[in-house]
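Nothing in this text is a laboratory measurement; each read-out follows from the coordinates by a stated rule. All values reported here derive from a predicted model rather than from experimental measurement. Glycine gets a Cβ as well: all are built from the backbone with ideal geometry, and neighbour counts include every protein chain shown.
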């Protein structure tokens, strides 16, 4: 029995070390507004809506956000570049039943992440490049 106990005691630290170094997956429950290849959500105010797509068949890998007041939108690519648009022609409609991303929460999909704050929504890629969209406009992150 001492050998089995010793083997079990030795194995646990090895598993922890491997898991530590290889990176850990976030639990799906930590990212409730996203599914496997896309994510869509509204800010608690309802003024800003975003969609993140990654490795979704036939859809570009990008994050798209828009606000209704003022009417504006931005598209963020995987390399961190984004294009913005101003005016009603830049807007689409959020799907019925789109969930809300509470203030202080972050949603992620592939290289994209978006954080909801009372001041607006900040979306970026792994490099840190991206944008913040708010009532004040769209500002780049460098």
TODO: Scan region 109-118 for residues that are farther than 14 Å from residue 54 by Cβ and either buried (at least 17 other Cβ atoms within 10 Å of the Cβ) or in contact with a strand residue (DSSP E or B) (Cβ under 6 Å, 6 or more places away or on another chain) (or both) and jot them down.
DONE: 115, 116
Task: Residue tally, condition in contact (Cβ under 8 Å) with a residue 24 or more places away in the chain and not in a strand (DSSP E or B), over region 63-87 - done: 6
Open item on the list: Based on this model, can you work out whether residue 55 counts as touching a residue at least 60 places away in the same chain (Cβ under 8 Å) and either buried (at least 20 other Cβ atoms within 10 Å of the Cβ) or outside any strand (DSSP E or B) (or both)?
Closed with: no
Open item on the list: With the requirement that a residue be in a strand (DSSP E or B) and either free of Cβ contacts under 8 Å to residues at least 60 places away in the same chain or over 8 Å from the mean Cα position of the chain (by Cα) (or both), what does region 103-123 give you?
Closed with: 106, 113, 115, 116, 117, 120, 121, 122
Task: Within region 88-99, tally of residues that are in contact (Cβ under 8 Å) with a residue 12 or more places away in the chain and either assigned to a loop (DSSP other than H, G, I, E, B) or within 13 Å of the chain's Cα centre (by Cα) (or both) - done: 6
Open item on the list: Can you confirm whether residue 72 is surrounded by 14 or more Cβ atoms within 10 Å (Cβ to Cβ) and touching a helix residue (DSSP H, G or I) at 6+ places or on another chain (Cβ under 7 Å)?
Closed with: yes
Task: Selected residue (only one of 106, 100, 63 is surrounded by fewer than 18 Cβ atoms within 10 Å (Cβ to Cβ) and closer than 19 Å to residue 138 by Cα) - done: 106
